[in-house]
Each structure stands twice: as C-alpha cells, then as structure tokens.
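Here is the structure we will look at, set down as structure tokens.
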C-alpha cells in the first residue's frame, strides 16, 4: 500500500527549503560585498605583502670597488672593439699562454687598499686559489654578480650579507698577474656575461 506525505509535512519541508535558500543568498551577498570593497587587486595586494621584493635591479647604482682617488687601472678589460693598444693591455700572459682579461685590475703604486662591495648583496663564494689569488664572489640579484681576485685580509664569509661600500678585504697578489704587483682584480658579470665595469660605475642598471 502506497504511503503519501501529509500536507503539514510537505509544508514543513517547503519552509525549510525556502529558509536555506534565503540564508544562502544573504551569505553570497556578503561575500560579493566583501570582494567589491576589497577591489580587483585585493588578492595581488595580499600576495605582494607576503612576497616583498628583495631589491629592484632598476634601482641599483654600481659604485667603485675602491675609495682612494689615486687608484689606477693597470690592466684593462678585453674589448674586441677597442683600439689595438688597449687590447694589448688587456692580455694576460702566463706560462707561454695569452689570456683575454674578463675584468679590470686596479693598483695604488704598490700599496694595499681596501676592496669595497659595489652593491648590496650576498657572499656566495670565498676561496683560495694559488693561481688567481684569493677570490670572493658576491651575488647582487638574479642576474648580477661581482668577483674580486688577488685579494687578501678577507673580512667576509660565504652566506654573509654585504652592503654597498662595505670592506670585503684588501688588494693583494696572484701568480697569474704577478707582473702587476699588489693589485685588485674586479669582474662584473651580468646575465652570465662579463662586462667592462668601467662602463657601469655610477650608473643605474
């Protein structure tokens, strides 16, 4: 024998359904109002607060790796577009081998001078090399690194954070550039390519 729902039961179920529908519309309306008040960039703003950029490359102005005005270039960066004499001064001669210099070497009339960080960054490598002299590599951004060689009295370690103008160490010597005496070899690398640092000092990337 079939059983049928009585009218009171049907009315009760109908009332419950209507109530749930009204509650749902109210909640949905509040959510939409919240989104509207927050604005279309609300999600971006939240993410941006969590992932704040460490540094902006367009704001980076490269300083010189030394302070003394008497420091001079004693070996140039090798530029295939440069004049012949400049190219000759950018050639490293070591054990019957000619090597193009991918950085610039600086000296102060045989005296030592402080080697300075040219930008804020993180020290990613410190090593001793009998050929190149002690070496320090600093990462300044995803695409910019600097390398200091022929350096002594190193004052930083791997993992250290440095600021622009901070002392990294002092000028020293190396076997591969022994003819230069006491000097600092400095290399600027952008997008994994060594560039002439003399063209970048006091300029914004």
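The values are calculated or read from the model by the stated rules, or taken from the named source; none is laboratory data. The structure displayed is predicted, hence computed values, not measured ones. Note that we place each Cβ from the backbone using ideal geometry, even for glycine, and neighbour counts take in every protein chain shown.
Being in contact with a strand residue (DSSP E or B) (Cβ under 8 Å, 6 or more places away or on another chain) and more than 18 Å from residue 201 (Cα to Cα) is the filter here; which residues of the stretch 138-150 pass it?
Selection gives 149, 150.
Run down 96, 79 and say which single residue is at positive phi and surrounded by fewer than 18 Cβ atoms within 10 Å (Cβ to Cβ). Reasoning before the result, please.
On the way: 79 fails: at positive phi.
It is 96.
Looking at 153, 160, 129, which is the one that is surrounded by 16 or more Cβ atoms within 10 Å (Cβ to Cβ), in contact (Cβ under 8 Å) with a residue 12 or more places away in the chain and touching a strand residue (DSSP E or B) at 6+ places or on another chain (Cβ under 7 Å)?
Working: 153 fails: surrounded by 16 or more Cβ atoms within 10 Å (Cβ to Cβ); 129 fails: surrounded by 16 or more Cβ atoms within 10 Å (Cβ to Cβ).
Only one candidate qualifies: 160.
Taking the options 78, 98, name whichever one is modelled with pLDDT under 95 and in a strand (DSSP E or B).
Working: 78 fails: in a strand (DSSP E or B).
Answer to the check: 98.
Within the stretch 36-75, which residues are at pLDDT 85 or above, under 25 Å from residue 142 (Cβ atoms) and assigned to a loop (DSSP other than H, G, I, E, B)? Even if it seems obvious, please write down each step before you answer.
Going residue by residue through the stretch 36-75, those that are at pLDDT 85 or above are 60-75.
Filter once more, keeping what is under 25 Å from residue 142 (Cβ atoms): 60-65.
Answer for the stretch 36-75, where residues must be at pLDDT 85 or above, under 25 Å from residue 142 (Cβ atoms) and assigned to a loop (DSSP other than H, G, I, E, B): 60, 62, 63, 64, 65.
If you scan the stretch 181-195, which residues turn out to be touching a residue at least 60 places away in the same chain (Cβ under 8 Å) and buried (at least 19 other Cβ atoms within 10 Å of the Cβ)?
If the condition is that a residue be touching a residue at least 60 places away in the same chain (Cβ under 8 Å) and buried (at least 19 other Cβ atoms within 10 Å of the Cβ), then 183, 184, 185, 186, 187, 188 are the ones that fit.
Which fully enclosed strands (runs of 3 or more DSSP E) of the stretch 101-204 have 3 or more residues being touching a helix residue (DSSP H, G or I) at 6+ places or on another chain (Cβ under 8 Å)?
On the way: elements: 104-107, 114-116, 121-127, 135-139, 144-149, 167-171, 184-190, 193-195.
Passing ranges, in order: 104-107, 184-190.
It is to be established whether one or more residues within the stretch 103-116 are loosely packed, with under 15 Cβ neighbours inside 10 Å, in the same structural domain as residue 193 (by TED's automatic domain parsing), in contact with a strand residue (DSSP E or B) (Cβ under 6 Å, 6 or more places away or on another chain) and on the phi < 0 side of the Ramachandran plot.
no
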